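To start, the structure itself, in structure tokens.
The values are calculated or read from the model by the stated rules, or taken from the named source; none is laboratory data. This is a predicted model, so every value here is computed, not measured. All Cβ positions, even for glycine, are placed from backbone atoms using ideal geometry, and neighbour counts span all protein chains on display.
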Amino acid sequence: MGKIQIVTDSTCDLPQAVLDKHGIHVLPVMVNINGKDYADGVDISRDDFYKELKNLDNKIGTAAVPSRLAQELFESLPAEDEILCILLSEDLSATINAVKLGADAANREITVHDSRYVSLGLGYQVKVAAEAIADGGSIADAIGAMNEIAERIYVYALLDTLEFLKRGGRVSSVQAGVGSVLQIKPIVKVENGKVESHSRQRTAKKGFKKLIEYGNFHGKLESLAIIHADAPDRAEAVRKELASLVQGEIIIVPVTPAIGVHTGPNTVGIAGVMVK
């Protein structure tokens, strides 16, 4: 009998050490810059990406994992192995559909789990699934572990500008222009599989304070990830403010380019797992 292979996508933001420890396969979402496609986390470094992102003349966007890449991965895995694919929310990307098409082309049976999250909201679920399987669990056990932890996860992000939401079509040019004049700092939350506007603050200082309030509101944490887009100093400031809440580990993670496209630089966020 074969083993269970875990596949996720590059928006999971898990540290490489975790991916390597559990042998987790990562399919890249595509980042498009001025008509050229880059495999997220493979073809372009975070530093180079943020240099390109800051140039507002650039046309930058994202696309789902190509089905041919999923097909190639599935064809490379032993025929006797089971495959569990844990992916970002179907409401945010066509990746789930693309992966299913890749499985059909490879003539492989796969189990697809929609995490209903992105970034570490997805990553935490991948991690507990891998741990369940490492302990001898089945795919059903892994899904049970993911469903349980998903009820305790929250993800917020404080954006520095509305410009990149405008470029992604999530707010109008008028809204973005007014936001720029008023120095609006939006806070978004991943909720019900979608990225929703949670509040808008008038200054960066007020935005930071409100983000910390949201973190404190959820109380004690099993673990916490501080996620940021080219903003390590802001991430460290958040860590200091919320460290007393955390019983387990705290990690600081630069978001992958496929997420940074939509948040813009200087974004900082929190992905927490509340205690049981």
*What single numbered condition from (1) in contact with a helix residue (DSSP H, G or I) (Cβ under 6 Å, 6 or more places away or on another chain); (2) crowded, with 22+ Cβ neighbours inside 10 Å fails to hold for Tyr117?*
(1)
*Would you mind finding the one in Val112, Val26 that is within 17 Å of Ala258 (Cα to Cα), surrounded by 14 or more Cβ atoms within 10 Å (Cβ to Cβ) and either in contact (Cβ under 8 Å) with a residue 60 or more places away in the chain or out of contact with any Pro (no Cβ under 8 Å at 6 or more places or on another chain) (or both)?*
Val26
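Here is a check on your reading of the model: is Lys36 farther than 15 Å from Gly123 by Cα, loosely packed, with under 15 Cβ neighbours inside 10 Å and not polar (S, T, N, Q)? It would help to see each step written out before you state the result.
Values: farther than 15 Å from Gly123 by Cα: yes; loosely packed, with under 15 Cβ neighbours inside 10 Å: yes; not polar (S, T, N, Q): yes.
Yes: the conditions hold for Lys36.
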*Spot the failing condition for Glu52; the list is (1) crowded, with 20+ Cβ neighbours inside 10 Å; (2) closer than 20 Å to His228 by Cα, and only one is missed.*
(1)
*Could you check how many residues of region 3-58 are of a type in the set (D, E, K, R) and in contact with a Leu (Cβ under 8 Å, 6 or more places away or on another chain)?*
2
*Of (1) closer than 28 Å to Val65 by Cα; (2) at pLDDT 95 or above, Pro265 satisfies all except one. Which?*
(2)
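Would you list the helices (runs of 4 or more DSSP H) that sit entirely within region 196-276 and hold 3 or more residues that are touching a residue at least 40 places away in the same chain (Cβ under 8 Å)? Before the answer, list the steps.
Numbers: elements: 204-217, 232-242, 257-263.
Passing ranges, in order: 204-217, 257-263.
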*Can you tell me how many residues in region 54-67 are part of a loop (DSSP other than H, G, I, E, B) and closer than 20 Å to Val195 by Cβ?*
2
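If I ask for residues that are surrounded by fewer than 18 Cβ atoms within 10 Å (Cβ to Cβ) and in contact with a strand residue (DSSP E or B) (Cβ under 9 Å, 6 or more places away or on another chain), which ones from region 62-75 would you list?
To start, the set of residues in region 62-75 that are surrounded by fewer than 18 Cβ atoms within 10 Å (Cβ to Cβ) comprises 63, 68-69, 72, 75.
Those that are surrounded by fewer than 18 Cβ atoms within 10 Å (Cβ to Cβ) and in contact with a strand residue (DSSP E or B) (Cβ under 9 Å, 6 or more places away or on another chain): Ala63, Leu69.
Residue-wise test of (1) more than 22 Å from the chain's Cα centre (by Cα); (2) outside the structural domain of Ala258 (by TED's automatic domain parsing); (3) outside any helix (DSSP H, G or I).
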residue: Leu69; (1), (2), (3): no, yes, no
residue: Phe74; (1), (2), (3): yes, yes, no
residue: Leu84; (1), (2), (3): no, yes, yes
residue: Ser89; (1), (2), (3): no, yes, yes
residue: Ala98; (1), (2), (3): no, yes, no
residue: Ala103; (1), (2), (3): yes, yes, no
_Can you find a residue that is hydroxyl-bearing (Ser, Thr, Tyr), modelled with pLDDT of 90 or more and within 20 Å of the chain's Cα centre (by Cα) anywhere in region 145-160?_
yes
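Based on this model, can you work out whether Ala150 counts as of a type in the set (Gly, Ala, Ser), in contact (Cβ under 8 Å) with a residue 24 or more places away in the chain and within 15 Å of Gly193 (Cα to Cα)? Spell out the reasoning first.
Numbers: of a type in the set (Gly, Ala, Ser): yes; in contact (Cβ under 8 Å) with a residue 24 or more places away in the chain: yes; within 15 Å of Gly193 (Cα to Cα): yes.
Answer is yes for this residue.
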*more than 19 Å from the chain's Cα centre (by Cα) and on the phi < 0 side of the Ramachandran plot - does that describe any residue in region 184-195?*
yes
